[in-house]
Amino acid sequence: MNNIVLAPILIPFLFAIFLMLLPKKIILQRIVALTGSLILIITAGFLVFHVRTNGITTVNVSNWKAPFGITIVGDMFASLLVLTTSIILACVIVYSFYSIGKAREKFLYYPAVLFMIVGVNGSFLTGDIFNLFVFFEVMLMASYVLLVIGGTKIQLKATIKYLLINVVGSGFFVVAIGMLYSMIGTLNMADISQKIDALHGQNTGMLSVVAVLFLFVFGLKAGLFPLYFWLPGSYFAPPIPVLALFGGLLTKVGVYAIVRTFSLFFTKETTFVMPLLGILALITIVLGVIGAISYYDLKTIVIYNILIAIGVILFSISIMSRESVMGAVYYLIHDMLIKAVLFLIVGIIMAITGTSSVKKFSGLMTEKPGLGWAFFIAIIALTGIPPLSGFFGKLLIVESAFSAHEIVGGILILLSSLFVLMSLIKVFTRGFWGEKSGTFTLTIPYRKMMLPVIILLSLSVLYGLFSNAVFPFIEDAVNPIVDPKVYIDAVIKE
């Protein structure tokens, strides 16, 4: 049964390969892509309950025992993120049927999406630092295709910037891995953690250098200050289904990588990096707030709200207490769902109004009240209004900040919730209320496009309402983060 850990990587890979043989058969591509995503959800759900029942599950590829071979590790943290990714994937694929356009579908859109999911799931599940780099590259290569597919001028411009930034990041990633390997002599993450502990305070200067390099690489992927500058422009360019995948998943892989590597490698042997992470996270929140409240463009506002969430999560990780990590993990899953919902809603609004600027339309509630109320529920969930999912994660994060005497950080996170509400409620009041103005196209397949929105939004609401049922899974996810020995013992079996 341990081989179930490989399934979230192999399923999208095999379906993507098969879809490459059907470039012009759009209907068949849609059926196969959706079938693959549904199988992936079932498999990921089974993995979550398998890990819940049997503990951390590992597979040593080719039967080379850790730390000598490649190890795939399914702990609860990775398993929950894989399940969330699979659900978002299925909803985005359904949404794509009615929004991405046949021209893009003919240019291997669905295989590119599935290859990106191979990279995302592989990044979550790998137990090897070099293979984390490999899966990052798989994810990034697929994202290059998705970003440029369609060939509009704004996409090509954004792709060049996105490509250059990530090539630089990948180069630094290899350098960081090389430096770590030269010091430690292993690539298995559990074994690295053991051998760093065995240093007993030696080489802490070099460890700090490596830690900063990893922070640079993963912070670049996550959109952490001062490395977020590429994100608003690059994420503005692609079509909405691609943007929902990017906003819901790609930055979260960077966050996951920071959580995994820093909890295993750097929390004990360096006193410099975690405070630095906390400071950069707070600055990210401030700049995200400034961007979100400064614009009247729907896409741009939600993109800057990605930065706010990244800052909140990483600040919580910098405290590294059990309560703060629980809040971060819970909030991370919430944010993946709610950001995907918001981008899909923005896509429907743009399809109806022909614009993403809230200054160019109003009175949309008179035509599509269901869309308006879905948007409102998404806003209050993102803001953290109880009893929706955003509330419980932020509550844990703020409580842990005050407990750790991080008063400024706790207050800033509370204030950020107010500014998040301000940034999006102005869209709701200006765009949905008031006299009807602007040109509305009501011939779009509205109900079909709303289906994935309703599914994801309902899951987000249920995630908050049934938080008591979810927290045992979150506790299992937190255990190997706050106590790396749990992870190490599961991987390095004596």
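The values are calculated or read from the model by the stated rules, or taken from the named source; none is laboratory data. Since this is a predicted model, take the numbers as computed values, not measurements. Ideal geometry is used to build each Cβ from the backbone, glycine not excepted, and the neighbour counts take in all protein chains shown. Heavy atoms of the whole protein, side chains included, go into the accessibility calculation; ligands, DNA and RNA do not. Shrake-Rupley method; radii C 1.70, N 1.55, O 1.52, S 1.80 Å.
General observations
- The set of residues from region 136-158 being under 24 Å from Thr43 (Cβ atoms) and free of Cβ contacts under 8 Å to residues at least 24 places away in the same chain comprises just one member, Val138.
- Only one of the numbered conditions (1) part of a helix (DSSP H, G or I); (2) open to solvent by less than 10 Å² (accessible area, probe 1.4 Å); (3) in contact with a Phe, Trp or Tyr (Cβ under 9 Å, 6 or more places away or on another chain); (4) modelled with pLDDT of 80 or more is violated by Leu249, and that is (3).
- Of all residues in region 12-34, none that is at positive phi has its Cβ atom under 8 Å from the Cβ atom of a residue that is at pLDDT 90 or above and open to solvent by less than 20 Å² (accessible area, probe 1.4 Å), 6 or more apart or on another chain.
- So Tyr463, is it under 27 Å from the mean Cα position of the chain (by Cα) and under 18 Å from Ala378 (Cβ atoms): yes
- In region 306-328, the condition of being open to solvent by 10 Å² or more (accessible area, probe 1.4 Å) and under 19 Å from the mean Cα position of the chain (by Cα) is met by at least one residue.
- When residues in region 47-101 are screened for being part of a helix (DSSP H, G or I), open to solvent by 20 Å² or more (accessible area, probe 1.4 Å) and closer than 22 Å to Gly119 by Cβ, 6 of them pass.
Condition check ((1) open to solvent by less than 50 Å² (accessible area, probe 1.4 Å); (2) under 26 Å from Met76 (Cα atoms)) across all residues:
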residue	(1), (2)
Phe402	no, no
His405	no, no
Gly410	yes, no
Leu418	no, no
Gly434	no, no
Leu442	no, no
Pro472	yes, yes
Val486	no, yes
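- For region 449-465, a tally of residues being open to solvent by 50 Å² or more (accessible area, probe 1.4 Å) and modelled with pLDDT of 90 or more returns 6.
- Within the option set Thr152, Thr159, being open to solvent by 10 Å² or more (accessible area, probe 1.4 Å), within 25 Å of Gly347 (Cβ to Cβ), β-branched (Val, Ile, Thr) and more than 25 Å from the chain's Cα centre (by Cα) holds for one residue only, Thr152.
- Every condition in (1) in a helix (DSSP H, G or I); (2) in contact (Cβ under 8 Å) with a residue 12 or more places away in the chain; (3) open to solvent by 30 Å² or more (accessible area, probe 1.4 Å); (4) touching a helix residue (DSSP H, G or I) at 6+ places or on another chain (Cβ under 9 Å) is met by Gly122 except one, and the failing one is (3).
- Selection over region 226-246 of residues that are at pLDDT below 85 and not hydroxyl-bearing (Ser, Thr, Tyr) gives a count of 10.
- Filter pass, Ala7 being surrounded by 17 or more Cβ atoms within 10 Å (Cβ to Cβ), closer than 25 Å to Ile129 by Cα and either modelled with pLDDT of 90 or more or in contact with a Lys or Arg (Cβ under 9 Å, 6 or more places away or on another chain) (or both): yes
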